[in-house]
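Okay, structure first, notes after.
The values are calculated or read from the model by the stated rules, or taken from the named source; none is laboratory data. Only a predicted model underlies this, so the values are computations on that prediction, with no experimental measurement involved. Here the Cβ is made from the backbone with ideal geometry for all residues, glycine too, and neighbour counts use every protein chain on show.
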Amino acid sequence: MLIGIVAMISLAMFASSVLAYSGPVTASASVQCTQASDCTTTILNLCAKDTNTWQCLTNGATATLTFGTVGPKFTGTLTTYGLGGSTEYALIYKPDTADRFTTWTGVGGKVIATFTGNAVGLAIDKDLGMNLPIAGDWNIAPSPDYCAGRNGWDYYAHCTGAKIWIVPTAVLTSGNLPLTAWNPTTYLFETDLVTYTKGSPTTTCVSGQCDPITCGIDLSGSPGFDSMVQGTTYQSPQTTTVTNTGNAPENPTISGDYWYGSKYITLGDGYWMPIGATQWYVSGWNTLTSTSTSIGTISPAGSALVYYKLTVPSPQPTDTYSQTITFGTGC
């Protein structure tokens with residue numbers, strides 16, 4: 001869909017800019033979220049646990065994992081406390097079976113990252129090649145589940161999902177799962193179940209509800225330059241306000257086409273000006289090109305003001321010129 005807003009710019013010689021808009025775009029999906037971070041980011045705490053009560057030890061080692069719940073890669077950061085030393089550890093996804101207390105090896109799991117000693121803001125950027133939890137993971141629908149003490153000891157915020165652990169790499173099988181030994185006093189265990197979906201985000205969280213992402217912008221105002229003398233530069237007194245009409249951060253783009261004169265259409269004799277004769281400004285001056293270029297991120301309901309200036313080549317035939325400037329959505 002294109003929305004044209006006609007504006008004028010001239011050179012005694014008169015020229016007009018036509019602003020075009022591509023969008024809006026709406027993604028599909030709708031799910032409830034327990035907390036605001038569920039739709040985009042999860043913060044998971046891990047801890048050393050008492051193997052009798054399965055509660056976190058008061059003075060035991062801990063870790064904090066922050067990661068995106070949806071994305072082409074599993075990305076995030078990990079920080080641990082109380083591990084230290086020269087031991088190499090692995091952050092792993094550990095699936096379960098129904099008899100998880102006897103079959104604890106985590107077949108089908110995945111090593112997400114490895115590190116030595118304490119991890120301090122360890123950056124994670126890995127293509128897992130799968131969703132968490134995987135289809136065969138008993139924790140997709142455990143019975144009894146992990147909420148409200150229904151399984152005897154856990155009070156997780158999420159009753160179903162995937163387990164993330166930290167284990168010494170010495171218990172891995174050739175650097176991967178399954179685990180070869182059950183040494184729980186050396187492990188850090190999950191304190192909640194999580195999910196990760198490999199793909200592009202389709203939801204954003206608003207007041208505890210994951211709503212479909214809506215991308216859209218509204219344009220107000222077009223540049224006009226009045227009469228200009230060849231070889232001069234002039235800034236338009238008119239600006240364009242680009243407003244984010246969607247519910248997620250927007251990254252609009254701008255691109256343009258040649259300035260075409262009325263005689264160019266009639267005579268085809270080169271009465272035109274290059275795209276780059278126009279410059280635009282949001283936080284700095286940029287030359288307009290035919291390639292879409294970001295104007296910067298705009299928060300929901302926020303806006304950005306775009307300024308323009310034109311440099312007329314010399315010599316340039318006197319004529320009425322027009323240029324199309326296109327803004328595209330980018331969330």
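Odds and ends about this structure:
- Considering residues of the stretch 37-75 that are at pLDDT below 85 and of a type in the set (A, V, I, L, M, F, W, C) only, the residue surrounded by the fewest Cβ atoms within 10 Å (Cβ to Cβ): Val70
- Of all positions in the stretch 294-307, none carries a residue that is part of a loop (DSSP other than H, G, I, E, B), in contact (Cβ under 8 Å) with a residue 60 or more places away in the chain and crowded, with 16+ Cβ neighbours inside 10 Å.
- Criterion applied to Trp272, Trp285 was being modelled with pLDDT under 90 and in contact with a strand residue (DSSP E or B) (Cβ under 9 Å, 6 or more places away or on another chain), and the one residue passing it is Trp272.
- Residue pairs whose Cβ atoms lie under 9 Å apart, separated by 6 or more positions or on different chains, with the first residue in the stretch 112-125 and modelled with pLDDT of 95 or more and the second of a type in the set (Lys, Arg), are Ile112/Lys126; Ala113/Lys126; Ile124/Lys73.
- Residue check, Thr34 at pLDDT 55 or above, of a type outside the set (Asp, Glu) and closer than 27 Å to Asp192 by Cβ: no
- Test for Tyr93: is it out of contact with any Phe, Trp or Tyr (no Cβ under 6 Å at 6 or more places or on another chain) and free of Cβ contacts under 8 Å to residues at least 12 places away in the same chain: no
- Hits in the stretch 157-176 - residues which are β-branched (Val, Ile, Thr) and part of a loop (DSSP other than H, G, I, E, B): Thr160
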